[in-house]
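Input: a single structure, listed below in structure tokens.
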Amino acid sequence: MFTILIEGTGGARTIIYENEGGLQKGRPAESAQVRQTPTADVKAASSIPQTGRNGDDSFSILLVDDDELVVESFERVFQQNDSRFKIDKTTDSKHALNLIAQKGYDLVVTDLVMPDIDGIQLLQKAKSVSPDTEVILITAYSSCNSALDALHFGAFDYIPKPFNPSELKLRIYRALNKRKAILERNSKTAEMERLAYTIAHDFKSAIISIKGFTQILAQDYFEKLNSEGMFLLYRINANISTMETMIEGLLEYSKIGKVEVKWKNFDTNGAVQEVISNFAPALKENNIRMEIDDSLPEVHFYRSGLQRVFTNLIDNSIKYARPGVDSYIRLGALNGGSPVDGRHCKFFVEDNGIGIGEDNLKLIFEIFQREDAGNPIEGYGIGLAIVKKILESAGCSIRAESEKGERTTFIFTLPKAQ
């Protein structure tokens with residue numbers, strides 16, 4: 001027999017047991033109804049993934065509850081169901097915060113309401129350390145609304161009290177299967193990026209060599225070339241420049257998230273003004289009006305990434321400005337600059353340029369993909385892909401809204417200042 005759950009209300013405790021007669025609530029001699037999990041779901045729960053955070057067949061799990069009996073009960077359920085769980089447990093939420101910062105976990109199971117630091121704060125910390133860590137919240141029915149709110153912060157699920165072992169097992173295995181899928185996706189992505197970096201580096205060496213030969217050709221044999229030969233030499237050099245731009249873009253793209261950067265709080269207005277000053281000649285030449293909110297919220301980011309995000313979005317708006325209209329680029333914050341989920345502020349960059357077709361709103365964020373639509377505007381499909389990767393590697397997001405021939409709005413999130 002082992003304890004599954006302890007509820008407390010005004011000092012009273014209810015204990016759920018499992019023994020030969022099945023689940024019982026109250027003292028072992030008493031009986032009570034508990035919610036059951038359908039047999040099909042229990043079978044589905046037994047499909048535990050095979051690899052965890054460390055690439056082996058174990059999973060690191062942190063159990064947090066201010067009641068020691070609850071923590072011990074959870075640990076017993078984990079250990080009796082599968083030996084591959086590596087369990088850390090604590091009744092001190094502050095200690096849990098330190099464990100998350102030091103170790104990182106595949107799964108964190110935490111009570112929602114605790115003294116000092118609550119479950120939502122632990123959730124936020126776990127996601128800041130490793131955005132793909134899964135978090136399950138344990139909650140009494142009285143705090144279910146808070147648990148639902150926690151889903152917006154990135155919680156995988158919440159379990160209301162009381163519950164039975166099969167239900168607990170089901171939720172945990174679902175969370176770990178999701179974790180496994182994310183780890184596999186990240187591994188494949190990293191492998192492709194390593195390949196892309198190697199190929200780009202090799203191509204760069206080849207391009208440098210070709211460029212050297214064309215320079216020799218231009219210096220030593222230019223007078224022997226007729227007009228057609230000169231044109232071909234010009235085209236070779238133009239294509240070399242295009243390849244250099246694409247290779248440099250690919251190399252920059254492949255390095256995002258792999259280079260150590262210094263994060264700190266930034267005055268977003270100051271960062272934006274610095275970027276816009278570099279575009280002053282282009283804005284004047286294209287007669288584009290720049291409009292910026294006066295009170296953009298501070299953010300917590302790294303300088304090069306923040307500059308690249310705003311640079312590429314503004315450059316995109318300038319490049320695709322619509323001729324013959326009173327062009328503008330508007331940059332601001334939504335929700336009055338307040339965090340939309342407790343962790344991120346939401347920004348937008350809007351222009352009244354040529355717009356993007358609905359079918360291409362996601363395509364434009366892929367590397368080397370762009371909406372041609374027969375337009376002669378020069379571009380390589382790199383800038384927006386870099387923006388997306390910078391943001392996603394920092395746990396942020398970006399999407400586009402557009403009306404063809406009317407306007408385009410890029411909406412993205414950045415971490416709030418700490």
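The values are calculated or read from the model by the stated rules, or taken from the named source; none is laboratory data. Keep in mind that what you see is a predicted model, and the values were worked out from it rather than measured. Don't worry about glycine lacking a Cβ; one is built from the backbone with ideal geometry, like all the others, and counts go over all protein chains shown.
For the stretch 93-139, how many residues meet the condition of being in a helix (DSSP H, G or I) and either outside the structural domain of PHE59 (by TED's automatic domain parsing) or farther than 18 Å from SER60 by Cβ (or both)? Let's see the steps before the verdict.
Looking only at the stretch 93-139, we keep the residues that are in a helix (DSSP H, G or I), and these are 93-102, 119-129.
Restricting the remaining residues to those that are either outside the structural domain of PHE59 (by TED's automatic domain parsing) or farther than 18 Å from SER60 by Cβ (or both) gives 93-94, 119-121, 124.
Adding up the residues that qualify gives 6.
Inspect the stretch 59-80 for any residue being out of contact with any Cys (no Cβ under 6 Å at 6 or more places or on another chain), under 26 Å from ASN186 (Cα atoms), modelled with pLDDT under 80 and not assigned by TED's automatic domain parsing to the domain that holds PRO415 and give the result as yes or no.
Looking only at the stretch 59-80, we keep the residues that are out of contact with any Cys (no Cβ under 6 Å at 6 or more places or on another chain), and these are 59-80.
Now drop any that are not under 26 Å from ASN186 (Cα atoms), which leaves 59-63.
Remaining after also requiring modelled with pLDDT under 80: none.
No: zero hits.
Go through (1) in a helix (DSSP H, G or I); (2) modelled with pLDDT of 80 or more and name the single condition SER142 misses.
(2)
Can you confirm whether the stretch 291-309 contains a residue that is within 21 Å of GLU403 (Cα to Cα) and more than 18 Å from the chain's Cα centre (by Cα)? Break it down into steps so the answer makes sense when it comes.
Within the stretch 291-309, the first condition is being within 21 Å of GLU403 (Cα to Cα), and the residues that meet it are 291.
Imposing the further condition that a residue be more than 18 Å from the chain's Cα centre (by Cα) reduces the set to 291.
Yes, because at least one residue in the stretch 291-309 is within 21 Å of GLU403 (Cα to Cα) and more than 18 Å from the chain's Cα centre (by Cα).
Only one of TYR173, TYR158 is in the same structural domain as ARG84 (by TED's automatic domain parsing), touching a residue at least 24 places away in the same chain (Cβ under 8 Å), surrounded by 15 or more Cβ atoms within 10 Å (Cβ to Cβ) and in contact with a Cys (Cβ under 8 Å, 6 or more places away or on another chain). Can you tell me which? Explain how you work it out, then say what you get.
Details: TYR173 fails: in contact with a Cys (Cβ under 8 Å, 6 or more places away or on another chain).
When all the criteria are applied, what remains is TYR158.
Among the candidates GLU274, GLU244, GLU223, GLU193, which residue alone is among the acidic types (Asp, Glu), in a helix (DSSP H, G or I) and crowded, with 16+ Cβ neighbours inside 10 Å?
Values: GLU274 fails: crowded, with 16+ Cβ neighbours inside 10 Å; GLU244 fails: crowded, with 16+ Cβ neighbours inside 10 Å; GLU223 fails: crowded, with 16+ Cβ neighbours inside 10 Å.
It is GLU193.
Taking GLY332, is it among the small types (Gly, Ala, Ser), free of Cβ contacts under 8 Å to residues at least 60 places away in the same chain, assigned to a strand (DSSP E or B) and closer than 19 Å to ILE288 by Cβ? Show your work before the answer.
Working: among the small types (Gly, Ala, Ser): yes; free of Cβ contacts under 8 Å to residues at least 60 places away in the same chain: yes; assigned to a strand (DSSP E or B): yes; closer than 19 Å to ILE288 by Cβ: yes.
Spelling it out, GLY332 is indeed among the small types (Gly, Ala, Ser), free of Cβ contacts under 8 Å to residues at least 60 places away in the same chain, assigned to a strand (DSSP E or B) and closer than 19 Å to ILE288 by Cβ.
Say whether the condition of being touching a Cys at 6+ places or on another chain (Cβ under 7 Å), modelled with pLDDT of 90 or more, more than 30 Å from LYS204 (Cα to Cα) and not basic (Lys, Arg) is met by at least one residue in the stretch 330-342.
If we filter the stretch 330-342 for residues that are touching a Cys at 6+ places or on another chain (Cβ under 7 Å), which is where we start, we get 333, 337, 339.
Imposing the further condition that a residue be modelled with pLDDT of 90 or more reduces the set to 333.
So of that shortlist, the ones also more than 30 Å from LYS204 (Cα to Cα) come out as 333.
Cutting the leftovers down to not basic (Lys, Arg) gives us 333.
Within the stretch 330-342 (the criterion being touching a Cys at 6+ places or on another chain (Cβ under 7 Å), modelled with pLDDT of 90 or more, more than 30 Å from LYS204 (Cα to Cα) and not basic (Lys, Arg)), the answer is yes, since at least one residue qualifies.
Mind checking which pairs have a first residue in the stretch 270-293 that is more than 18 Å from ILE354 (Cβ to Cβ) and a second that is assigned to a helix (DSSP H, G or I) and among the hydroxyl-bearing types (Ser, Thr, Tyr), Cβ under 6 Å, 6 or more apart or different chains?
Close Cβ pairs satisfying both conditions: VAL275/THR311.
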